[in-house]
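Worksheet: one structure, shown below.
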Amino acid sequence: MVREPRRGRERLIVREPGEIEPSGAEMSDGTGAAVAPQEPQEQRPPALGVAGGQGDRAGFRLAAFGAVLIVVLFAGYGLGRLNAGGTASAPPQPAHTGDSMPGMVMDENQPHTHGEPAASDTPAAGGVAVGGLSLSSGGLTLVPSSTDFVAGQPNRLEYRVTGAGGASVTTYAVVHDKPMHLIVVRRDLTGFQHLHPAMAPDGTWGIDLTLAAPGIYRMIADFTAVVGGKQSALTLGGDLTVAGNYAPAALPAPGRQTTADGFTVSYEGTPTTSSSQPLLISVNGPDGKAAALEPYLGAYGHLVVLRQGDLAYVHVHPEEQLADGKPKFWIALPSTGTYRMFFDFQVGGKVHTATWTALAE
């Protein structure tokens, strides 16, 4: 074994016993560059207890083994980090990742169903999500410009949906043909209206609204906002006030059949809190024959269910195809109690609304 000085460092050369150092030959420094031979240096005796060059070769092999072991350990640690908690998977993608210009709405090929729980909805004891109980949810807030109205006169209702820092949301997904569905109903569950305001470029929604009688009304905004490329399906609610003497009306008795503009409308099925149950709705015209239902807002009817007391909101849509000429809904209610059901349907280009009182079992 010979130590050579090399660029400020000693170079260690290991030779077999009896091997003669080459004379005048070039040696590689490991980078492919030639290194001029150096003058022979004084040979040093092997370490105590190690014979000749064998101890150096053994030490070299031991060091190499240690280096390989360290690499293996670090590689195993990295794999363990990747596989912690199970097999690594791709991160979830948002429902929409494209950029949208402010003041525009986006059409969705697969719109959400209002009856399905959204991340921001409030699950009831039975696991059914309800909406419309709060002005704020999911980081967004419903901000009406005015909440005072005059009975029997057209009033302008304007409101915004704001996010972080109070900025107005200006991009919404189109769900069931509209970017915004607005429900207005008095606290005694009378005066129901299903409206579709228009949005100004600055994100202000507006519509002319007539509230027939004094009382406290609930406005329920049902929409899917697009913020930061992510969709957020929300149902926010707030109160509107109509000054005057409020005389609450008693709810009609529960029943399965009602009339609406000359149509007889009835349903089969029993809403429960334990599981989703089918609800089949029949619509017959004044002649007693089944009415020719037309698609309205992308479906053969819309069903809004409101709970008496707090007006907890459940919006359900039917299956895509009629069942024996009838819309078929699947519905579960959040709790036992009394509900008012509002069914919108279209015949001959005109929209009608049938209502029932129902008891959840």
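The values are calculated or read from the model by the stated rules, or taken from the named source; none is laboratory data. The shown structure was predicted, so the numbers you read here are calculated from the model rather than taken from an experiment. Please note: Cβ atoms are built from the backbone with ideal geometry, for glycine as well, and neighbour counts cover all protein chains shown.
Just one of the numbered conditions (1) assigned to a strand (DSSP E or B); (2) in contact with a Gly (Cβ under 9 Å, 6 or more places away or on another chain); (3) not hydroxyl-bearing (Ser, Thr, Tyr) is not true of residue 213; which one?
(1)
Is it the case, given these coordinates, that residue 133 is at pLDDT 95 or above, part of a loop (DSSP other than H, G, I, E, B) and either under 18 Å from the mean Cα position of the chain (by Cα) or closer than 13 Å to residue 235 by Cβ (or both)?
Yes, satisfied.
Which members of region 189-203 meet the condition of being outside any loop (DSSP other than H, G, I, E, B) and closer than 23 Å to residue 312 by Cβ?
193, 194, 195
Please state which one of 218, 187 is surrounded by 18 or more Cβ atoms within 10 Å (Cβ to Cβ), basic (Lys, Arg) and on the phi < 0 side of the Ramachandran plot.
Criteria check complete, one pass: 218.
Would it be correct to say that residue 206 is closer than 17 Å to residue 147 by Cα, assigned to a loop (DSSP other than H, G, I, E, B), touching a residue at least 12 places away in the same chain (Cβ under 8 Å) and in contact with a strand residue (DSSP E or B) (Cβ under 9 Å, 6 or more places away or on another chain)?
Criteria not met by residue 206.
Identify all residues within region 319-330 that are at negative phi and surrounded by fewer than 21 Cβ atoms within 10 Å (Cβ to Cβ); write none if there are none.
Those that are at negative phi and surrounded by fewer than 21 Cβ atoms within 10 Å (Cβ to Cβ): 319, 320, 321, 322, 323, 326, 328, 330.
Of the residues that make up region 160-176, is at least one under 24 Å from residue 352 (Cα atoms) and in a loop (DSSP other than H, G, I, E, B)?
Checking region 160-176: at least one residue is under 24 Å from residue 352 (Cα atoms) and in a loop (DSSP other than H, G, I, E, B).
Does region 297-306 contain any residue that is surrounded by fewer than 21 Cβ atoms within 10 Å (Cβ to Cβ) and farther than 21 Å from residue 220 by Cα?
For region 297-306, residues surrounded by fewer than 21 Cβ atoms within 10 Å (Cβ to Cβ) and farther than 21 Å from residue 220 by Cα: absent.
Being more than 21 Å from residue 175 (Cα to Cα), outside the structural domain of residue 132 (by TED's automatic domain parsing) and out of contact with any strand residue (DSSP E or B) (no Cβ under 9 Å at 6 or more places or on another chain): is that true of residue 326 here?
no
Give region 233-269 a look and list any residue that's crowded, with 17+ Cβ neighbours inside 10 Å, β-branched (Val, Ile, Thr) and within 29 Å of residue 144 (Cβ to Cβ), or say none.
235, 242
Hey, any hits in region 330-338 for a residue that's outside the structural domain of residue 187 (by TED's automatic domain parsing), within 31 Å of the chain's Cα centre (by Cα) and under 23 Å from residue 216 (Cα atoms)?
Scanning region 330-338 turns up at least one residue that is outside the structural domain of residue 187 (by TED's automatic domain parsing), within 31 Å of the chain's Cα centre (by Cα) and under 23 Å from residue 216 (Cα atoms).
Answer yes or no as to whether residue 273 is touching a Lys or Arg at 6+ places or on another chain (Cβ under 9 Å) and within 28 Å of residue 233 (Cα to Cα).
Considered against the rule, which asks whether it is touching a Lys or Arg at 6+ places or on another chain (Cβ under 9 Å) and within 28 Å of residue 233 (Cα to Cα), residue 273 comes out as no.
Are there any pairs with C-beta distances below 6 angstrom linking a residue in region 258-277 that is in contact (Cβ under 8 Å) with a residue 24 or more places away in the chain to a residue that is of a type in the set (D, E, K, R) and in a loop (DSSP other than H, G, I, E, B), with the two at least 6 apart or on different chains, and if so which?
Partner pairs satisfying both residue conditions: 267/256; 272/361.
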